[in-house]
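Participant: This is the structure I want to talk about, given as structure tokens.
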Amino acid sequence: MTEAVIELVNVSLTLGSAASKVHVLKGVDLSVKGGEILGIVGPSGSGKSTLLMVVAGLERVDSGTVRIAGEDISGRSEDQVAAFRGQNVGIVFQSFHLIPNMTALENVAVPLELAGHRNAFERARAELASVGLAERVTHYPGELSGGEQQRVAIARALAPSPRLLIADEPTGNLDGATGRQVADLLFRTAAERNMTLVLVTHDPSLAARCTRQVAMRSGRIESVEAAMAVA
């Protein structure tokens, strides 16, 4: 039986305080197996992105259990969670979050160096080649197209060889054709590496390519259903 890479049990999270307090997640239960590709859909404000941040350990829950790659991260310190995330979770955002005064190679290699990985620049160069940017390693983000910047961000997320890749609207800032190319890259890489991929999207065609879809509304999981086979 395939091990669950994500296990959330009765997870609740409130953000803000006093009059601005918002109950963002309400008793969420979710299990995602190794190698699965999960699409999270729902209207704006339904808790989709917050759910991803909980999985990444970037938001601490009020109650419930968050188990990632077999480890309960709910009660760990921020430093412990950050170290765990650096080894096990890759993150791709809608906005690319590249450092503008670093080259593509440096954007991928420096986080590896800071995490103590050996041969960081060799590894970064290999990952950039794997996403089709072998000839663009010395370019700065401002010299790259949106699609190329997102590929750098994907290479950065993949470089530590995480068990889990999470992507929050990874095609949201891209035109249709470029978005499809980036989506193809994510799905293909997840399949080749047998990596769990969880993505938030407003694009029904992208969600339909996932092995399962989770629909959220008002901080709860409204439904879970199988989608079509991954293309």
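The values are calculated or read from the model by the stated rules, or taken from the named source; none is laboratory data. Keep in mind that this is a model prediction, so the values were computed, not measured. Counting neighbours? That spans all protein chains shown, and the Cβs are built from the backbone with ideal geometry, glycine included. For the accessible areas, the whole protein counts, side chains as well, though only heavy atoms, and no ligand, DNA or RNA atoms are used. Shrake-Rupley method; radii C 1.70, N 1.55, O 1.52, S 1.80 Å.
Participant: Anyone know which of L15, L25, L158 comes out most mobile in the 10 Å Cα GNM of the chain?
Facilitator: Among L15, L25, L158, the largest mean-square fluctuation in the Gaussian network model of the chain belongs to L15.
Participant: Tell me the per residue accessible area of the range 122-191 using a 1.4 Å probe; a whole number in Å² is fine. Mind dumping the intermediate values first?
Facilitator: Numbers: 2820 Å² over 70 residues.
About 40 Å² of surface per residue is accessible.
Participant: Moving to a separate point now. How much mean residue ellipticity at 222 nm does the chain get from its helices, if each DSSP H run of length 4 or more adds -39500 (n - 2.57) and you divide by all residues, to the nearest 500 deg cm²/dmol?
Facilitator: Working: 7 runs with 77 residues, N = 231.
Result for the chain, helices only: -10000 deg cm²/dmol.
Participant: Could you list which residues have their amide H under 5 Å from that of G90, counting only those 5 or more apart in sequence or on another chain, with H placed in the peptide plane?
Facilitator: Amide H neighbours of G90, under 5 Å, 5+ apart: L164, L165, I166.
Participant: Ok, one more. Provide the percentage of antiparallel DSSP beta bridges, counting only those with both residues in the chain; round to the nearest 5. Intermediate values should be presented prior to the final figure.
Facilitator: Details: 21 of 38 bridges.
In the chain, DSSP labels about 55 percent of beta bridges as antiparallel.
Participant: Continuing with the same structure: For the modelled label position 7 Å from the Cα of F84 along Cα-to-Cβ, which residues of the range 13-50 have backbone nitrogen atoms closer than 19 Å?
Facilitator: Correct set: 13-14, 28-35, 50.
Participant: Leaving out ligands, DNA and RNA, and with a 1.4 Å probe, what % of the accessible surface on the chain is carbon or sulfur? Walk me through the numbers on the way to the answer.
Facilitator: Details: 5260 of 10850 Å².
For the chain, the apolar C and S fraction of the accessible surface comes to 49 percent.
Participant: Using mean Cβ contacts within 10 Å as the protection proxy, how do 216-222, 180-186 order, highest first? Please report the intermediate quantities before stating the final value.
Facilitator: Details: 216-222: 17.0, 180-186: 19.1.
The most tightly packed comes first, giving 180-186, 216-222.
Participant: Reported to two decimal places, what Rg/Rh ratio describes the range 90-208 when computed on Cα atoms with Rh from the Kirkwood expression? Please list the in-between numbers first.
Facilitator: On the way: Rg = 13.3 Å, Rh = 14.2 Å.
Ratio of gyration radius to Kirkwood radius: 0.94.
Participant: Now for a different question. Using Cα atoms only, what is the angle between the long axis of helix 120-130 and the major principal axis of the chain, expressed in degrees (0 to 90) to the nearest 10?
Facilitator: 90 degrees
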